[in-house]
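To start, the structure itself, in structure tokens.
Derivation of every value follows stated rules applied to the coordinates shown; laboratory data play no part. Only a predicted model underlies this, so the values are computations on that prediction, with no experimental measurement involved. With ideal geometry, Cβ positions are generated from the backbone for all residues, glycine too; neighbour counts draw on all protein chains shown.
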Amino acid sequence: MGGPEEISSSQEAADNALVLAFGRLQGAANRLEYILGRALEQECGISHLVFEVLLILGRAGEPGLSMRAIAQEQVLTTGGATRLVDRMEAAGLVERAEAPGDRRGRLVRLTPLGEETTVRASRLHVENIRRYFLAPLPPEDRERFAEDLRILSHSARDVLPRLP
């Protein structure tokens, strides 16, 4: 695929194979985010970001996660994570609890409503992933594509700076 030395005009930049490939990835992600996120909002009353935090907390289980861990996982500032968790707590989806062995530390965990919402939203989300993400791909390529996305995600995550 075209290297940087092949770019000497805006036309060549716009037609560069790597630029086009990444643009397609970003465009697909943005469109799928819109389609799947809108379905979560309409059917379950939650944003895709809230859904992702519910999944992170569901994966973590008891006793919960720190605000810092949530922020790091979602690439948010700790202030952004705090505001998001405040809204989720007001909606009854999560609660803050004392961290075992740390009287000042607080952890975030799912409430029963948060657990129920996660399950309901996940069922809808899986249907939509099958419909909009997998169905357009040739069946023989689906597993490899998912693995390649995992590799890209982990590689990018490893390059990001850790929050203080």
* **Nearest-ten-degree value, helix 17-44 long axis tilted from longest Cα axis of the chain** => 30
* Evaluate E = 1/(1 + (r/R0)^6) for ALA14 and GLU98, where r is the Cβ-Cβ distance and R0 equals 45 Å; express this FRET efficiency to the nearest 0.05. => 0.25
* To do: Compute the long axis of helix 112-129 from its Cα atoms, compare it with the longest principal axis of the Cα atoms of the chain, and write down the angle in degrees, 0 to 90, nearest 10.
  => 20
* Asked: So, in Å, what gap is there between the alpha-carbon centers of the stretch 107-156 and the stretch 44-70?
  -> 14
* So, with +1 on the Cβ of K and R and -1 on the Cβ of D and E, and no other charges, what is the size of the charge dipole of the chain about its Cα centre, to the nearest 20 debye? -> 600
* To do: Run the numbers on the chain and let me know its relative contact order in percent, using alpha-carbon pairs under 8 Å that are six or more apart.
  => 19
* **Listed candidates (i) 40; (ii) 44; (iii) 19 - label of the one calculated as percent of Cα pairs over 27 Å apart** => (i)
* Structure fact -> Helix 48-60: inclination vs the chain longest Cα principal axis, degrees, rounded to 10, gives 60
* Asked: Treating the beta-carbon of each Lys and Arg as +1 and of each Asp and Glu as -1, no other charges, what is the dipole magnitude of the stretch 115-164 about its Cα centre, to the nearest 20 debye?
  -> 140
